[in-house]
Amino acid sequence: MVFAHDTELSLQSAVALANSAEGVDTLTTLDDLDRYVREHEFTGSRSNDQAELDAVRALRAELWELLSSDRDTTVAVVNRMLASRHALPQLVRHDGWDWHLHATDPSDPLADRIAVEAAMAMIDVVRLDELSRLGTCVADDCEAIVLDLSRNRSRRFCSTSCGNRVAVAAYRARQP
């Protein structure tokens with residue numbers, strides 16, 4: 001494991017949210033947001049309304065900048081995200097999870113909790129000088145962010161479908 005478990009989960013959820021705007025938008029309805037929250041195990045209060053969906057959708061551009069910038073820009077984005085949301089790191093234990101970091105109150109807006117968790121995760125990435133774990137999908141028709149948590153740093157595609165699409169195209173190009 002490259003990072004602490006909660007850091008990896010926060011990075012995965014941030015990448016998923018940032019990439020939800022790539023190609024076909026996969027975050028357009030409250031049901032889409034519910035699915036995202038369930039898949040990434042976000043806890044705390046929810047308003048379950050259009051305003052919450054709009055706030056989470058608006059966060060995608062900030063996450064994209066956070067996850068795709070050079071080290072100095074990433075640090076500036078992390079600091080801005082934490083300060084603007086009045087983050088106060090603290091250890092918590094809940095819902096079967098052992099001690100881990102939270103820096104927002106469970107009653108804070110969902111978009112703020114997502115942003116702060118992503119920023120906190122990026123602190124570890126920067127401190128360990130592991131920004132190379134984040135990149136862009138190598139498929140010609142995709143610009144999604146890739147999070148490479150593999151031991152040998154071999155992940156090149158954002159998803160299996162991108163990898164398969166490139167492999168099929170290469171196979172077809174080799175056919176007579």
Give Asp25, Asp31, Asp6 a once-over and let me know the one that is in contact with a strand residue (DSSP E or B) (Cβ under 6 Å, 6 or more places away or on another chain) and not aliphatic (A, V, I, L, M). Asp6
Return the residue satisfying two criteria in turn: it lies in segment 70-83 and is closer than 14 Å to Ala118 by Cα and not hydrophobic (A, V, I, L, M, F, W, C), and of such residues it is surrounded by the most Cβ atoms within 10 Å (Cβ to Cβ). Thr74
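Which helices (runs of 4 or more DSSP H) does segment 1-87 wholly contain that include 3 or more residues that are among the charged types (D, E, K, R) and within 14 Å of the chain's Cα centre (by Cα)?
Qualifying helices (runs of 4 or more DSSP H): 50-68.
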Residues in segment 70-89: is at least one modelled with pLDDT under 95, more than 23 Å from Asn19 (Cβ to Cβ) and touching a Phe, Trp or Tyr at 6+ places or on another chain (Cβ under 8 Å)? no
Name the residue, out of Leu128, Leu101, that is aliphatic (A, V, I, L, M), touching a residue at least 60 places away in the same chain (Cβ under 8 Å) and either surrounded by 15 or more Cβ atoms within 10 Å (Cβ to Cβ) or more than 19 Å from Val75 (Cα to Cα) (or both). Leu101
For segment 132-145, which positions are outside any loop (DSSP other than H, G, I, E, B) and touching a residue at least 24 places away in the same chain (Cβ under 8 Å)? Arg133, Leu134, Thr136, Ile145
Scanning for something closer than 24 Å to Cys162 by Cβ, of a type outside the set (Phe, Trp, Tyr), touching a helix residue (DSSP H, G or I) at 6+ places or on another chain (Cβ under 8 Å) and free of Cβ contacts under 8 Å to residues at least 12 places away in the same chain, does segment 68-75 turn up at least one residue? yes
Checking the condition surrounded by 13 or more Cβ atoms within 10 Å (Cβ to Cβ) and either over 29 Å from Leu131 (Cα atoms) or among the hydrophobic types (A, V, I, L, M, F, W, C) (or both), which residue from Arg35, Arg46, Arg57 passes? Arg46
Of the conditions (1) in a strand (DSSP E or B); (2) surrounded by 12 or more Cβ atoms within 10 Å (Cβ to Cβ), the single one that Leu91 does not satisfy is (2)
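The values are calculated or read from the model by the stated rules, or taken from the named source; none is laboratory data. Keep in mind the model is a prediction, meaning the values are calculated, not measured. Note that we place each Cβ from the backbone using ideal geometry, even for glycine, and neighbour counts take in every protein chain shown.
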